Amino acid sequence: MIRELSIKDERQMRSLGSKIARGLFKGAFIALFGDLGAGKTTLVRGLASEMGIDTIASPTFNIVRSHEGRGMILDHFDAYRLSDHEELLAIGFEEYIDSDSIVVMEWCENVIEALPQQRLEIHISGSGDDVRTVKILAVGNEYENILMGL
């Protein structure tokens, strides 16, 4: 199941993240794709805000940052600096996937081989002042329910 949206500004991107968060479940995985400045971290901020998490910074230099929200943990990954999926697996990525945490990863195109089969994929096109095109692909019944709720 695929859905395509146009996002005009940062407020709308945060709102999309918030709406997605309302449908999340323990162990959910969200894969974010898009160029620099596309709005990936802004979307994560909206998602985190809905979970009761106030501070989100891009984990580019840390690879992953964990945040405790209302009843759930958000593990925010950034694969920008990884050269391949083997580096991700070497830091214990599978343990995060096997947990009850919500896992959101930016720059998934760099580690596609390590991603779980069932996931919510969000592809963002555009940057700067451009209107963003957001394509959301749901793989798995639980993820299709999230998409239908948007």
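Starting from the Cα gyration tensor of the range 33-77, multiply each eigenvalue by 5, take the square root, and state the resulting semi-axes largest first in whole Å. Working shown, then result.
Details: eigenvalues 68, 31, 11 Å².
Each semi-axis is √(5λ); the values are 18, 12, 7 Å.
Model label points for Asp84 and Ser99, set 7 angstrom from Cα along the Cα-to-Cβ axis, are 2.7 nm apart. Ordered from largest to smallest accessible area (heavy atoms of protein chains, 1.4 Å probe), the residues Lys8, Lys19, Lys26 come out as Lys8, Lys26, Lys19.
For the chain, take N as its residue count and report Rg(C-alpha) divided by 2.2 N^0.38 Å.
Working: Rg = 14.0 Å, N = 150, 2.2 N^0.38 = 14.8 Å.
Here the Cα radius of gyration is 0.95 times the empirical estimate.
Cα centroids of the range 133-148 and the range 90-113: 18 Å apart.
Once the C-beta distance of Arg65 and Glu144 is scaled by a Förster radius of 35 Å, the resulting FRET efficiency is 0.80 to the nearest 0.05.
Strictly greater than 16 Å: what percent of every Cα pair in the range 87-138 meets that?
On the way: 664 of 1326 pairs.
Tail of P(r) above 16 Å: 50 percent of Cα pairs.
A simple packing score, the average count of other Cβ atoms within 10 Å per residue, orders the peptides 44-51, 120-127, 109-116 as 44-51, 120-127, 109-116, with the highest score first.
What does the charge dipole of the chain about its Cα centre add up to, to the nearest 20 debye, if the Cβ of each Lys and Arg holds +1 and the Cβ of each Asp and Glu holds -1? Numbers along the way, then the final one.
Values: 15 positive and 24 negative charges, 149 e Å.
In debye, rounded to 20, the chain gives about 720.
In terms of packing, defined here as the mean over residues of other Cβ atoms within 10 angstrom, the peptides 62-70, 132-140 line up highest first as 132-140, 62-70.
The values are calculated or read from the model by the stated rules, or taken from the named source; none is laboratory data. Source: prediction; values computed, not measured. Neighbour counts run over all protein chains shown; Cβ positions are idealised from the backbone, glycine included. Please note that ligands, DNA and RNA were not included when accessible areas were found on the heavy atoms of the full protein model with its side chains. Shrake-Rupley method; radii C 1.70, N 1.55, O 1.52, S 1.80 Å.
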